[in-house]
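Asker: My structure is below; once you've seen it, I'll send some questions.
The values are calculated or read from the model by the stated rules, or taken from the named source; none is laboratory data. Fair warning: this is a prediction, and the values are worked out from it, not measured in the lab. When we count neighbours, we look across all protein chains shown, and the Cβ atoms used for this are built from the backbone with ideal geometry, even at glycine.
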Amino acid sequence: MATKRVLTGMRTTGQLHLGHYVGALKQWIETQNSGEYDCYFLLADIQALTTHADRPELLTQSVRDVVLDWLSVGLDPARADVHYVLQSQVAERHELSLLLAMIAKYNELLRNPTLKAEMKEIKDVTLGFICYPVDQVADIYMVSPTPPSRGDKLLVPVGEDQVPHLEYARELARRFNDKYGEVFVPCEALVGEVGRLVGIDGQAKMSKSLNNAIYLADDAETVKAKVMKMFTDPKRIRADIPGETKNNPVFIYHRAFNPDKQEVAELTERYEKGKVGDIEVKEKLAKVLNNFLDPIREMRAHYDNTAEVRDIVIAGSEAARKMCQPVIESVREKMHLVYPL
Ligand code: TRP
């Protein structure tokens, strides 16, 4: 029977927020719940080091935070088909990364648009950083079905910004196969619909560094306070003036999170006619978000302060090592690294 695997991941650089939910987690949960795939969710602590090598202690805390965030939204490692993998704990993956680096070209890395954009933001670009796209190819292919057979699938659910990395993974895998013989199946990006959530300040992206995020771990009061401070239609200075809803962050969130579509339609209509104040729309949004976050908070409380987090990560990393061992064996063989001395 054909093997169907999913691998995706996140850098562990801090707590997750609603933007992560809309842009990634929601789709990961759907993929998990389809029951069609063996899922590997990667805690990319090595990739986090490419930009945070001066603050390693932050990363240790972040791994725990991200695991709790994942658990709380329902990525369920108690299922036999779900594994939480800590990147630094899979030694075979590092070896795969190093060997793939031998056929990766310096110049093609510098052309990668995602890497290029990120490099502009960084003062001291390290070698580790420049190599991260190759390292990410190793992440994906550490769970490559071996030996590959027809119909095997390796899917990578990601946001739009990761597409160049996925194209590169396919390219590098093909190059390896052409040079040394078939080892890797082509991987495929699974790009979600929604993608990006604006910040509470109306900036294009919710992010920790912009300080405009609502975290999955925020308590109800914090969420309410953040919502009451949210940007709305800047041209609307009084509640009886018709307002704009399409690009209005408060309405964007209502559309993304309010399950009561009728309420959203009604509020939109009243807002556009100047018949509802910002406060009412915001109070309703705070309720909606807190209703959404309540079960997430409950789940977090269930896992917090338990040793389970550690066990989950150890077990998941071990599962990935098992997958990666035959991969690295065949890569070594194809690259003539098996010596009859
Ligand atoms: N680059 C991804 C990010 O910044 C994280 C990541 C690391 C990843 N390895 C991966 C994503 C492998 C998909 C597959 O969020």
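Asker: Checking VAL85 against (1) crowded, with 22+ Cβ neighbours inside 10 Å; (2) out of contact with any strand residue (DSSP E or B) (no Cβ under 8 Å at 6 or more places or on another chain), only one condition comes out false. Which one?
Answerer: VAL85 satisfies all of (1) crowded, with 22+ Cβ neighbours inside 10 Å; (2) out of contact with any strand residue (DSSP E or B) (no Cβ under 8 Å at 6 or more places or on another chain) except (2).
Asker: Please determine, by comparing only the residues of the stretch 158-186 that are outside any helix (DSSP H, G or I) and away from the ligand (no atom under 13 Å from the Cβ), which one is farthest from ARG5 (Cα to Cα).
Answerer: Checking each candidate, the answer is GLY181.
Per-residue answers, yes or no, for (1) touching a Gly at 6+ places or on another chain (Cβ under 6 Å); (2) of a type outside the set (S, T, N, Q); (3) closer than 16 Å to GLN47 by Cα:
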site: ASP76; (1), (2), (3): no, yes, no
site: VAL90; (1), (2), (3): no, yes, yes
site: LEU96; (1), (2), (3): no, yes, yes
site: LYS123; (1), (2), (3): no, yes, no
site: GLN136; (1), (2), (3): no, no, yes
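Asker: So how many residues does the stretch 130-157 have that are part of a helix (DSSP H, G or I) and either surrounded by fewer than 19 Cβ atoms within 10 Å (Cβ to Cβ) or modelled with pLDDT under 90 (or both)?
Answerer: 1
Asker: Now for a separate question. So PRO259 passes all but one of these: (1) under 33 Å from the mean Cα position of the chain (by Cα); (2) assigned to a helix (DSSP H, G or I); (3) at pLDDT 95 or above. Which condition number does it fail?
Answerer: Against the list (1) under 33 Å from the mean Cα position of the chain (by Cα); (2) assigned to a helix (DSSP H, G or I); (3) at pLDDT 95 or above, PRO259 comes up short only on (2).
Asker: OK, next. State all residues of the stretch 218-256 that are in a helix (DSSP H, G or I) and hydroxyl-bearing (Ser, Thr, Tyr); if no residue qualifies, say none.
Answerer: Those that are in a helix (DSSP H, G or I) and hydroxyl-bearing (Ser, Thr, Tyr): THR222, TYR253.
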